[in-house]
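The values are calculated or read from the model by the stated rules, or taken from the named source; none is laboratory data. Quick caveat, the model's predicted, so the values are computed rather than measured. In this analysis, Cβ positions are derived from the backbone assuming ideal geometry, glycine residues included, and neighbour counts consider all displayed protein chains. Heads up: the accessible areas ignore ligands, DNA and RNA and are worked out on the full protein's heavy atoms, side chains in. Shrake-Rupley method; radii C 1.70, N 1.55, O 1.52, S 1.80 Å.
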Amino acid sequence: MNYLEFIEKYANHPHYKAPRGNELHAKSWQTEAPLRMLINNLDAEVAEDPVNLIVYGGTGQAARNTEAVKEIIRILLEMDENHSLLVQSGKPIGLVRSHPQAPRVLIANSNLVPAWATWEHFEELKSRGLMMYGQMTAGSWIYIGSQGILQGTYETFAECGRKYFEGDLSHKLIVSGGIGGMSGAQPLAATMVGATYLGVDVDPERIKKRLETRYIDKMTLDYNEAINWTLEAKEKGKAVSIGLVGDIGDVLEKLLNDNIIPDILTDQTSAHDPLNGYVPNGFSLAEAMELRKTNPILYKEKSLKSMARHVGFMLEMQKLGSVTFDYGNNLREFAQQGGELNAFDYEGFVPKFIRPLFCDGKGPFRWAALSGDPEDIFTTDRELMKLFPENEHLIKWLTEAKEKIAFQGLPSRICWLGMGEREKAGLLFNELVRTGKVKAPIVIGRDHLDCGSVASPNRETEGMLDGSDAVSDWPLLNLMANTSGGATWVSFHHGGGVGIGYSQHAGMAVVADGTERAADCLKRVLFNDPAMGIYRHADAGYETAIENRKKFELNF
Ligand code: NAD
């Protein structure tokens, strides 16, 4: 098949569908894998808005424009293993000489010199076609749909249950905003931990998408209907998720007036972007979209004020007993800018629940079956359970995931694994490919939200023990470690999760194609990557990370 036939069949904008099966279109699996994963990121089953190349997280894109998508595809189809492709904010800009164990693609997205790192400057560059917002896994081609955040959300709610509700979330109500790409994982995670869930999104289409993929159970436009369903489910201890169309601020106000105080309260609207993400209070969706275009300055002002109001209600609910936490969208920062001076009176989810996992080098390990065959993922599920028979938590998760998660695009799986475990899992997958137990190679990757790959003072590195929250040497070292180790593609982004100016982070993906070369790369990358988390947290003074340095022989 030539390049034009390939585009016609797999990437005819906006109809993207990654090739399946074990036949190569590119010269090797090292280039076939990023090719399939880029196209998969844009598949309508996976991406929120393929027409605009938006994958998730407000405006997180996979490539700068449609010409760039085609050009990246053409290069990946033709490239050999002695070159690496450079991608600058979603646009291919050249090849460099490298070697078969080096990454095939080197990606830098949305990076700005710190003093220029504002949404305003970014938007100006974007309007001139010079940049794109890569979020985390959108621009680094390893987004796998809402499942990508599902286990992290499940772990977070479960830990919240253990910490505040003696491990039992039945008869407990979780309320949150946003039912989009990542935020849409909340309803399913909540029901998986046994809670009742009420989610609010201003855009009915977003909730419908979650209904189709079985991430949410019910949807209504009527507040009273939502409340009746919610209270009944809570009363009966039913794990049901309900999506209500509306503005989250308005709904929280009504809940307060009706004296309905959630047990757990958080938010995942796309607050990281006050202009192209959050929808201000008092506007219909259509009016808001119009204002975005006609008066962006006024829109942003309204957005910040609405976030201040929204957080004001969250703070009131916290006082009335809701366990309240920030869920990684920088809502507190923009609420503070909008006038809510006490916005940071509730903590972020990382210091509250996740940091101990980071100290063990644990983070969101994910993989996708390039064959496109769900059976391949079920095989990896089974083999992982055999590999870690003592890990009950993992076995429970994998068993439930198989039952409850509908795949989006190429079949994939996520589970949090730590130091030592990731390397074992990677080598196991390589063996499954080598012995033909799965039908084609497997791509292993992760979110940039990981133990040693991100500097984000309002999220992953909030409240570090030594105050080093804003030091971004760490993600740069992570990028270099994964490049040296031989990941298949690596990326360094700015602004993911919390928006431009607030974070820097690195991503990686590595392909298990069943070869010796892959085994060598997997051993290095899946050792180095979690080790970075242990180095980072040990250096900041966390005792368990210091012990882990000894345990995993990471000392000099
Ligand atoms: P998304 O853009 O796909 O979805 C956000 C949703 O919020 C949209 O459906 C939008 O309609 C809705 N929304 C906006 N303003 C609203 C309002 N006033 N009231 C009700 N709904 C409103 O984004 P996403 O991928 O779901 O990500 C959501 C946020 O979470 C982003 O800020 C993202 O950066 C952050 N995030 C957090 C994590 C984490 O691990 N905690 C991971 C990824 C993303």
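Would you mind listing the strands (runs of 3 or more DSSP E) fully within region 62-159 where at least 2 residues are without any contact (Cβ under 8 Å) to a residue 24 or more places away in the chain?
Details: elements: 83-88, 91-97, 105-109.
Of the strands (runs of 3 or more DSSP E) lying wholly inside region 62-159, those with at least 2 residues that are without any contact (Cβ under 8 Å) to a residue 24 or more places away in the chain span 83-88, 91-97.
Matching residues to (1) modelled with pLDDT of 95 or more; (2) outside the structural domain of LYS523 (by TED's automatic domain parsing); (3) surrounded by 19 or more Cβ atoms within 10 Å (Cβ to Cβ); (4) within 26 Å of TYR299 (Cα to Cα):
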| position | (1), (2), (3), (4) |
| --- | --- |
| SER84 | yes, yes, yes, no |
| GLY94 | yes, yes, no, no |
| GLN101 | yes, yes, no, no |
| ALA115 | yes, yes, no, yes |
| THR118 | yes, yes, no, yes |
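May I ask you to verify whether GLN30 is surrounded by fewer than 22 Cβ atoms within 10 Å (Cβ to Cβ), in contact (Cβ under 8 Å) with a residue 60 or more places away in the chain and under 22 Å from GLY486 (Cβ atoms)? I'd like the intermediate steps shown before the answer.
Working: surrounded by fewer than 22 Cβ atoms within 10 Å (Cβ to Cβ): no; in contact (Cβ under 8 Å) with a residue 60 or more places away in the chain: yes; under 22 Å from GLY486 (Cβ atoms): yes.
It is false that GLN30 is surrounded by fewer than 22 Cβ atoms within 10 Å (Cβ to Cβ), in contact (Cβ under 8 Å) with a residue 60 or more places away in the chain and under 22 Å from GLY486 (Cβ atoms).
Given LEU432, LEU417, which one is crowded, with 21+ Cβ neighbours inside 10 Å and on the phi < 0 side of the Ramachandran plot?
Values: LEU432 fails: crowded, with 21+ Cβ neighbours inside 10 Å.
Exactly one of LEU432, LEU417 is crowded, with 21+ Cβ neighbours inside 10 Å and on the phi < 0 side of the Ramachandran plot, namely LEU417.
Just name the residue that is most open to solvent (accessible area, probe 1.4 Å) out of those in region 198-212 that are among the basic types (Lys, Arg) and more than 8 Å from the ligand (Cβ to nearest atom). Walk me through it before giving the result.
Applying the first criterion (among the basic types (Lys, Arg)) to region 198-212 yields 206, 208-210.
Filter once more, so that each one left must be more than 8 Å from the ligand (Cβ to nearest atom): 208-210.
Numbers: LYS208: 83, LYS209: 35, ARG210: 2 Å².
Top of the filtered list is LYS208.
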For this session: Could you list, in sequence order, all residues of region 149-158 that are within 8 Å of the ligand (Cβ to nearest atom) and of a type in the set (Gly, Ala, Ser)?
Result: GLY152
Exercise. Within the group LYS238, LYS300, LYS254, LYS293, which residue is assigned to a loop (DSSP other than H, G, I, E, B), open to solvent by 30 Å² or more (accessible area, probe 1.4 Å) and more than 12 Å from the ligand (Cβ to nearest atom)?
Worked result: LYS238
Exercise. Going by the conditions given, is GLU553 over 21 Å from the mean Cα position of the chain (by Cα), farther than 23 Å from LEU370 by Cα and in a loop (DSSP other than H, G, I, E, B)?
Worked result: yes
Exercise. If the Cβ limit is 8 Å and pairs must be 6+ apart or interchain, which residue in region 318-333 that is at negative phi pairs with which residue that is away from the ligand (no atom under 12 Å from the Cβ) and small (Gly, Ala, Ser)?
Worked result: LEU331/ALA343; ARG332/ALA343; GLU333/ALA343
Problem set entry | Among residues of region 463-511, those that are among the hydroxyl-bearing types (Ser, Thr, Tyr), within 16 Å of the ligand (Cβ to nearest atom), part of a loop (DSSP other than H, G, I, E, B) and open to solvent by less than 30 Å² (accessible area, probe 1.4 Å), counted | 1
